[in-house]
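The values are calculated or read from the model by the stated rules, or taken from the named source; none is laboratory data. Computed from a predicted structure; not experimentally measured. With ideal geometry, Cβ positions are generated from the backbone for all residues, glycine too; neighbour counts draw on all protein chains shown. Heads up: the accessible areas ignore ligands, DNA and RNA and are worked out on the full protein's heavy atoms, side chains in. Shrake-Rupley method; radii C 1.70, N 1.55, O 1.52, S 1.80 Å.
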Amino acid sequence: MQRVILLTDLSEEYAKNLLKGIVRYSKEHEPWVLCKMPFSYRVSHEVEGVLNWAKEWKADGIIAQFYNTDRVGIFRENGIAAIAQDFKARFTEIPNITGAHRLAGKMGADYFIRKGFKNFAFYGFKDIVWSSERCEGFVEEIGKYHLERNFHEYQNSDFKELWYYESAPLIAWLNRLPKPVAMMACDDNQGHHIAEVCKQCGIKIPEEIALLGVDNDEVVCTLSDPPLSSISQAVEKGGYETARLMSRMIQNPKGCYKDVVVYPTHVVTRQSTDIYATTDRHISTVLKYIHQHADKKLSVDSITQLVPLSRRLLEYRFRQEIGLPIYNYVMNLRIDRVAHQLLHTQSSIIEITEGMDFSDYKNIARQFKKIKGCTPTEYRIRNSIQ
């Protein structure tokens, strides 16, 4: 029976979902004795104090949010397997639970681009890996559409600024931004921070700033006013894979092990992004219709009938506003719906595609790989613990 310490901030939804995956692995494979150590213990006793407690408790392993100044190698030196949860930077001495952060940034940018935005902003922290890499992915994606000149960023230098609402430079930055603007915050807490500042400044969300977070923390997202849209991640899957890795490390302490990577899965839309940033009312009509009916087969001809424009003129104006042909836009959105069902249903890929009126399964599998970078089966395995 393995004895493992979990040292993290369990008030956060991310940590809770990690714990769900860990517990599930334990139940399926071998019973663990799990000690949920409060993060305050690390603060008050430092990493050496945590090690001493772990030795007294006869711990086999520890999964923790370590500071990057911590000498984490002391756990392995004392026969205790250790895995670090992303905090500020990745460790090289021990494996990390990290994320495909650039991919999350790309997903956020792509989501806004599909809504017709031309101005973009990112709010986060300097020198924190999950914030800086999400920003890099965000910028890289808008760069594909030659929109990088329309990008604005505000990077806090101090992680402690989380609830500091009276920051004059931040308020000035928000007021200077061209409107409407699509803003991605590095996580949901920072998204909530921006929402509160905007409320004080009289900036309207989503009319002036469409706001997107990361982690899909239900409490934080619904606490925000208006409710915050967010990128959901396969965190429970990450917890499951972390437990699998921990088990291997305990059994073979001298092995070399790779990081556990948590992947973003989809955007959960709430009121903070419930808008299409186009002044062309015909394109707005088309966008709303496509999003409302993406679960069914859509043709460009049927979409053209919604507006008093020729197909050629509609195609031209749509591409000018959105940056993609109508067909590609529809296909990308429908593939997103397929991906969502892969993670949230037990249906086979054939059943899913038939239910969405796709006529050619093999072609859809090819399109899925082209858009998502992997096959439907690989996507389900990577992001789901079913």
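Considering the convex hull of the alpha carbon atoms of region 213-288, report its projected area averaged over all viewing directions, in nm², one decimal.
Computing the convex hull of the Cα atoms and averaging its projections yields 7.4 nm².
Quote the accessible area belonging to F39 in square angstrom, nearest 10, computed with a 1.4 Å probe and with ligands, DNA and RNA left uncounted.
Solvent-accessible area, nearest 10 Å²: 40 Å².
Across 5 Å bins from 0, what is the distribution of all Cα-Cα pair distances for region 32-148, in whole percents?
Per 5 Å bin, starting at zero, the Cα-Cα P(r) for region 32-148 comes out as 2, 11, 18, 16, 13, 9, 9, 8, 7, 5, 2, 0 percent.
If R270, R366 are ordered by their accessible area, calculated over protein heavy atoms with a 1.4 Å probe, which sequence runs from highest to lowest?
R366, R270
Of L177, L103, L223, which has the largest mean-square fluctuation in a 10 Å C-alpha GNM of the chain?
L223
Over the Cα atoms, compute the radius of gyration (one decimal) and Dmax (the largest Cα-Cα distance, rounded to a whole number) for region 15-100, in Å.
Spelled out, the Cα radius of gyration and Dmax of region 15-100 are 12.9, 36 Å.
If only Cα atoms are counted, what is the Rg of the chain, and what is its Dmax, in Å?
22.8, 76
Step by step: find N for region 82-192, compute 2.2 N^0.38 Å, then divide the Cα radius of gyration by it. What's the final number?
Rounded to two decimals, the normalised Rg is 1.12.
Loop-only trypsin sites (Lys or Arg not before Pro) in region 20-90, please: DSSP not H, G, I, E or B, and at most 14 other Cβ atoms within 10 Å.
Here the trypsin sites (Lys or Arg not before Pro) that fit, given the DSSP loop and packing criteria, are K58, R71.
To the nearest Å, what is the center-to-center distance of region 362-383 and region 276-318, using C-alpha atoms only?
Between the Cα centres of region 362-383 and region 276-318 lies a distance of 27 Å.
Under Stokes-Einstein, with the Kirkwood radius over Cα pairs standing in for Rh, what whole-number D in µm²/s applies to region 285-386 at 37 °C and 0.692 mPa s?
It diffuses with D of about 226 µm²/s by this estimate.
Put a dot 7 Å past each Cα toward the Cβ at Q305 and S348; how far apart are the dots in nm?
Distance between label points: 3.4 nm.
Modelling each spin label as a point 7 Å along the Cα-to-Cβ direction, I'd like the H29/Y67 distance in nm, to one decimal.
For H29 paired with Y67, the spin-label model returns 3.2 nm.
Using only DSSP helix segments of four residues or longer, with each worth -39500 (n - 2.57), what per-residue ellipticity at 222 nm results for the chain after dividing by its residue count and rounding to 500?
-15500 deg cm²/dmol
Would you mind listing how long region 152-288 runs along its three principal axes, going by Cα atoms, in whole Å with the largest first?
Largest to smallest, the principal-axis extents are 60, 40, 26 Å.
In degrees from 0 to 90, rounded to the nearest 10, what is the angle of the helix 188-201 Cα long axis to the longest principal axis of the chain?
Computed tilt is about 60 degrees.
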